[in-house]
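One structure below.
The values are calculated or read from the model by the stated rules, or taken from the named source; none is laboratory data. The model shown is predicted, which means the values in this text are computed figures rather than measured ones. Reconstructed Cβ throughout: ideal geometry from the backbone, glycine too, with neighbour counts over all protein chains shown. Note: accessible area is taken over every heavy atom of the protein model, side chains too, but ligands, DNA and RNA are not part of it. Shrake-Rupley method; radii C 1.70, N 1.55, O 1.52, S 1.80 Å.
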Amino acid sequence: MAQGSRQIQSQAQQQVQTLSPQQILVVKLLELPAVELEDRIHAELLENPALEEGREESAADEYSDVEGSEDGMDNASTDYDSLNDYLTEDDIPDYKLQENNRSQDDQPENIPFSESTSFYEILKEQLGERNLTEHQSELVEYLIGSLDDDGLLRKSLESICDELAIYAGVESTEEELEEALCILQDFDPAGIGARTLQECLLLQICRKKDEERTPNPILELEERVIRDYYEEFTRKHWEKIIRKLDVDEDTFNEVISEITKLNPRPGASLGETIGRNLQQIIPDFIVETYDDGTINVSLNNRNVPELRMSRDFTEMVEEHTKNKFNQTKESKEAMMFLKQKMDAAQGFIDAIKQRQNTLMTTMQAIIDLQRPFFLEGDESLLKPMILKDVAERTGLDISTISRVSNSKYVQTNFGIYQLKFFFVDGYTTEDGEEMSVREIRKILKECIDSEDKKKPLTDDELAEILKEKGYPIARRTVAKYRQQLNIPVARLRK
């Protein structure tokens, strides 16, 4: 038998799942929050003349539609895959999208909600992270309230002393205020709490020097320019400064270039950042909890228009059906155009309907799984829940649940929450008991907040306390949760 290279051929079957254009449309609409959905619908209305806004003329018909359909819309059962049978007006119902469980007169108002915090609150948060006496905290907090929009302190410490005594009933000395101001000037952003522009720039240069920790000739020159030759700097007497610094022109240009990168208005710049991040959030769901334990959920479709097939297109189809045996080439092309637009309109309506069904199904499952929270509003009542739990309860795919949960918000009796808020990691004990990680972290923070700051609790001691409280977790787990809470180790909490 001749020997040689052999080529082995094999066959393998492989299933490849591809999404149809309709499925892709459903997926894209599913990901959109309420505000973006409204924009998407208006864009579709402009693009497709076969789609229009409108509602049933008869109030009785509207009520019948809502009562006779599980999702509050009609069945949209007409098949537009083929217009060869030539549809008549009677064959084309008015497809409309109704909001579930909510009458036209009982619409929720759009509720603006911001995730950002004010400049004052950001500084207050940093104040809470400092280990200060009650008197020091009072002084620093008053100084924060005395800052102008640029983040600078324009008042003298002497006048602030008088204000504290007169308006706040707090006795203090200028020396105590000076110490409190030094604490404030250590906050972020660098330069906050400065009394002059010169001090503001010097604070930023000193912060940069502290962060680099190694000698930097350019930084040293920056500090000298602002500290010793500030008047010449403001008047741009460059040659005079170069002579006094005894440096070459290139080095001096580098120094000036770095100084101009400093921020003369640290408070204003932070405020601009907050303004850019400020976004108005319209909740996608309205969840109302009543005293008898009833929980009602509805979609917030206040600004989402109702949709139906265009009556003009319906009439044009009727005209074409009257002359189906005497059609010209132009008439057939017109009929094909009508078919394409009506198919697209029907597909869009069906996709919107499917989106609403999926959102309602998912939200109802989340309510069922986290019912204690929706009744009480207590975060510690949230149970461990992952995407898989909701998927199994709804029969939907995990990827679908993920899309619904992304960028969606729900308004409850206790505030507005992102849907991701309700997905809680779980911790399983050795006995197989599952606990909420969020609940454990909350108890851990309470333990640390109430500890003796002169003798902070170690991770071992915290683990023991948690065990006594019914949370038997290991020391390394305590350390992990402590790090997630951005709480330093015991020796740094003194």
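Summary table
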| item | result |
| --- | --- |
| Apportionment of accessible area to carbon and sulfur, region 194-272, percent (1.4 Å) | 47 |
| Cross-link table K208/K442; K353/K383; K208/K244, entries beyond 27 Å C-alpha to C-alpha | K208/K442; K353/K383 |
| Kirkwood hydrodynamic radius over Cα pairs of region 194-272, then Stokes diffusion coefficient at 10 °C and 1.306 mPa s, in µm²/s | 121 |
| Computed E for C182/K467 - FRET, C-beta separation, R0 51 angstrom, nearest 0.05 | 0.75 |
| Segment K420-D449, extension gain: residue separation times 0.36 nm, minus the distance between their alpha carbons | 7.8 nm |
| Difference of contour (0.36 nm per residue) and Cα-Cα distance, S402 to E175 | 76.1 nm |
| Per-residue HN-Hα couplings for region 143-159 [Karplus 6.51, -1.76, 1.60; θ = phi - 60°; Hz; x = Gly/Pro] | 5, 4, x, 8, 6, 8, 5, 7, x, 9, 9, 8, 7, 7, 5, 5, 5 |
| Whole-Å distance, taken between Cα centres, linking region 231-260 and region 466-494 | 52 |
| Hz values of 3J(HN,Hα) by residue in region 218-235 - Karplus curve (6.51, -1.76, 1.60), Gly and Pro given as x | 5, 5, 4, 5, 4, 5, 5, 4, 6, 7, 9, 10, 5, 5, 4, 4, 5, 9 |
| Charge tally in the Cβ shell below 10 Å around V404, where Lys, Arg are +1 and Asp, Glu are -1, V404 excluded | +1 |
| Long-range amide H partners of I281 with built H, under 5 Å | F113 |
| For region 116-187, size of Cβ-based charge dipole, Lys and Arg +1, Asp and Glu -1, in debye | 220 |
| Extension reserve of the E211-R154 stretch, reckoned as 0.36 nm per residue once the Cα distance is removed | 17.8 nm |
| Long-range HN-HN contacts of L51 with modeled amide H, under 5 Å | S310 |
| Solvent exposure of region 116-187 as accessible area per residue, Å², 1.4 Å probe | 54 |
| Viscosity 1.306 mPa s, temperature 10 °C, Stokes-Einstein D of region 116-187 from Kirkwood C-alpha radius, µm²/s | 128 |
| Set of region 281-307 residues, backbone N closer than 13 Å to the point 7 Å along the Cα-Cβ line of N413 | 287-297 |
